[in-house]
């Protein structure tokens, strides 16, 4: 079988398994590893010329780190919350220490145990951000803390990749190892400084010429990535680290976003081959002695990591709800974990069995943690009574405190964005006092800036709903489009206040009908409302332009008010 045939089968198999796992709402990284396992020695033994896949997958690693360096905005480090840095670093330290102790209990050597323990500390930015997007929670407070912590992890992972690559022969004396590491760090600083200087003096005018042609911009960026990788290889670094330095050097150029969008496609393709090659190199778990460590370490990542994050956030004064959600997001290992183990095997620090152990942990934790995140609300309701141990009596970061207003005969408005801003103004004209509830910190701050009573909170938070005096409200309005959260809100309201009218939002006809059956008094269906409104204008105007001119003027005035007041439209 030719190398091209093997490559074609690898891509086809990854695509088929990817379709299946996508239907199961699983990350595609898992599909690529499983494709390698199916085609490797565990499965049909199709892949024979591993050198081809390994070479191509090396390009995937290089493009991954090139893109990370390219997208690394150093300004974000200055604005990052201190608490996210503390929890991020603290989680890495405690997970590594406990993980190291667990791995040593299995009789694994010192250096491989260090690698495995560090691999357990990193969570997948790709998986977590994708799931947050699916849940439409990217603007939530806990999501912002989670992404900031993942950025901390990525930075630590890159530093570790550089340091561990410089350890050299593990059998050398401690003095030689120390000197080798210091020399390696010195070379790294010189290489990075040279890349940054080269970018400012030569690359800036050169890329100005490249930017005049989209094709030249792409090929010039790839050429610079390869040059950085080549120079790093000559200096004794890994190709991936050289690619990272190359990306970091041009991250400050005005074209970095355009370059990133074009390189991302290449990265995704070659990373597929990296994970397929990783799966193809795995041997089957042949004994219970190999399976037990994988299961125990998976349990530690799935349960131990969230508990460590929950405890650290509780000490800093966060509520147990936010700590629980952030902790669940950390309950899997990362692509950096697999990259770290691959690098360790390449330089002779770890064995194939150690790589298999960490990969098995990834295969177990990635799908399970995905389900944890997708059903985090249900899990929180189950475990909430037991989480008080991780929360202060008076949380320091309690940003959902209720405003000092009488909660009676009022309207509760969930979601102060788009429709919410217009609905709030209508309530003002009706002289109905309104209480805004929003999980987007920016929207909550803007509502407060307008002088509106506002609570930071989630429509699915039962503890918050209990504090809002829903039974004394005049009406409850929700512009939150999520069906499950809206259904739970209706049931909660109907349990507490059967006669309070509740108006909710749906994005599809089946959801709207189901919410009516659940007990909603009226369902806002934006698409249908827009069509009905437009149809009404058609009928009343009789194709005369004057009514349209008035409607257009009012529409423009509303949009300008939203922009000038900087509302989260």
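The values are calculated or read from the model by the stated rules, or taken from the named source; none is laboratory data. Bear in mind that the values here come from a model prediction, so they are computed numbers and not experimental data. A quick note on method: Cβ atoms are made from the backbone with ideal geometry, for glycine too, and the neighbour counts reach across all protein chains shown.
Mind checking whether some residue in the stretch 42-54 is modelled with pLDDT under 85, closer than 30 Å to residue 256 by Cα and surrounded by 14 or more Cβ atoms within 10 Å (Cβ to Cβ)?
yes
Let me confirm something: among 452, 431, which residue is more than 17 Å from residue 504 (Cβ to Cβ), in the same structural domain as residue 489 (by TED's automatic domain parsing), in a loop (DSSP other than H, G, I, E, B) and touching a helix residue (DSSP H, G or I) at 6+ places or on another chain (Cβ under 9 Å)?
452
State all residues of the stretch 493-509 that are surrounded by fewer than 18 Cβ atoms within 10 Å (Cβ to Cβ), in contact with a helix residue (DSSP H, G or I) (Cβ under 9 Å, 6 or more places away or on another chain) and in a helix (DSSP H, G or I); if no residue qualifies, say none.
If the condition is that a residue be surrounded by fewer than 18 Cβ atoms within 10 Å (Cβ to Cβ), in contact with a helix residue (DSSP H, G or I) (Cβ under 9 Å, 6 or more places away or on another chain) and in a helix (DSSP H, G or I), then 494, 496, 509 are the ones that fit.
So which helices (runs of 4 or more DSSP H) stay within the stretch 190-272 end to end and still have 1 or more residues that are closer than 18 Å to residue 65 by Cβ and out of contact with any helix residue (DSSP H, G or I) (no Cβ under 9 Å at 6 or more places or on another chain)?
214-234
State whether the residues of the stretch 268-279 include one that is within 30 Å of residue 14 (Cα to Cα), within 21 Å of the chain's Cα centre (by Cα) and without any contact (Cβ under 8 Å) to a residue 24 or more places away in the chain.
yes
Condition check ((1) farther than 18 Å from residue 242 by Cβ; (2) at pLDDT 80 or above; (3) within 18 Å of the chain's Cα centre (by Cα)) across all residues:
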residue: 127; (1), (2), (3): yes, yes, yes
residue: 148; (1), (2), (3): yes, yes, yes
residue: 166; (1), (2), (3): no, no, no
residue: 185; (1), (2), (3): no, no, no
residue: 189; (1), (2), (3): no, yes, no
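Taking the residues in the stretch 464-492 that are over 33 Å from the mean Cα position of the chain (by Cα) and closer than 20 Å to residue 419 by Cβ as candidates, determine which candidate is surrounded by the most Cβ atoms within 10 Å (Cβ to Cβ).
It comes out as 473.
Looking at this structure, is residue 72 at pLDDT below 85, under 18 Å from the mean Cα position of the chain (by Cα), under 26 Å from residue 259 (Cα atoms) and loosely packed, with under 15 Cβ neighbours inside 10 Å?
No: the conditions fail for residue 72.
Given the conditions (1) at pLDDT 85 or above; (2) not in a helix (DSSP H, G or I), and given that residue 111 satisfies all but one, which numbered condition is not satisfied?
That leaves (2) as the condition not met.
Among the residues of the stretch 117-139, count how many are surrounded by fewer than 20 Cβ atoms within 10 Å (Cβ to Cβ) and either part of a loop (DSSP other than H, G, I, E, B) or free of Cβ contacts under 8 Å to residues at least 60 places away in the same chain (or both).
Residues flagged as surrounded by fewer than 20 Cβ atoms within 10 Å (Cβ to Cβ) and either part of a loop (DSSP other than H, G, I, E, B) or free of Cβ contacts under 8 Å to residues at least 60 places away in the same chain (or both) within the stretch 117-139 amount to 6.
Could you list all residues from the stretch 513-527 that are touching a helix residue (DSSP H, G or I) at 6+ places or on another chain (Cβ under 8 Å) and in a helix (DSSP H, G or I)?
514, 515, 518, 526
So is residue 500 modelled with pLDDT of 80 or more and farther than 30 Å from residue 385 by Cβ or not?
Considered against the rule, which asks whether it is modelled with pLDDT of 80 or more and farther than 30 Å from residue 385 by Cβ, residue 500 comes out as no.
Could you tell me whether residue 314 is in contact (Cβ under 8 Å) with a residue 24 or more places away in the chain and not in a helix (DSSP H, G or I)?
Against the criterion (in contact (Cβ under 8 Å) with a residue 24 or more places away in the chain and not in a helix (DSSP H, G or I)), residue 314 does not qualify.
Can you work out which of the residues in the stretch 445-463 that are in contact (Cβ under 8 Å) with a residue 40 or more places away in the chain and in contact with a strand residue (DSSP E or B) (Cβ under 6 Å, 6 or more places away or on another chain) is surrounded by the fewest Cβ atoms within 10 Å (Cβ to Cβ)? Spell out the reasoning first.
Within the stretch 445-463, the first condition is being in contact (Cβ under 8 Å) with a residue 40 or more places away in the chain, and the residues that meet it are 446, 450, 453-463.
When the remaining residues are screened for being in contact with a strand residue (DSSP E or B) (Cβ under 6 Å, 6 or more places away or on another chain), the result is 453-455, 457, 459.
Working: 453: 17, 454: 24, 455: 22, 457: 24, 459: 22.
Out of the qualifying residues, it is 453.
I'd like the residue in the stretch 279-296 that is surrounded by fewer than 13 Cβ atoms within 10 Å (Cβ to Cβ) and not in a helix (DSSP H, G or I) and, out of all such residues, is modelled with the lowest pLDDT.
Ranking the candidates gives 286 first.
Say whether the condition of being without any contact (Cβ under 8 Å) to a residue 12 or more places away in the chain and under 30 Å from residue 377 (Cβ atoms) is met by at least one residue in the stretch 474-495.
Within the stretch 474-495 (the criterion being without any contact (Cβ under 8 Å) to a residue 12 or more places away in the chain and under 30 Å from residue 377 (Cβ atoms)), the answer is yes, since at least one residue qualifies.
Residues 7, 67, 59: which one is under 22 Å from the mean Cα position of the chain (by Cα), at pLDDT below 90 and either more than 30 Å from residue 256 (Cα to Cα) or assigned to a helix (DSSP H, G or I) (or both)?
The match here is 67.
Among all residue pairs at least 6 apart or on different chains, which show Cβ distances below 6 Å where the first residue, located in the stretch 103-116, is crowded, with 21+ Cβ neighbours inside 10 Å and the second is modelled with pLDDT under 90?
115/344
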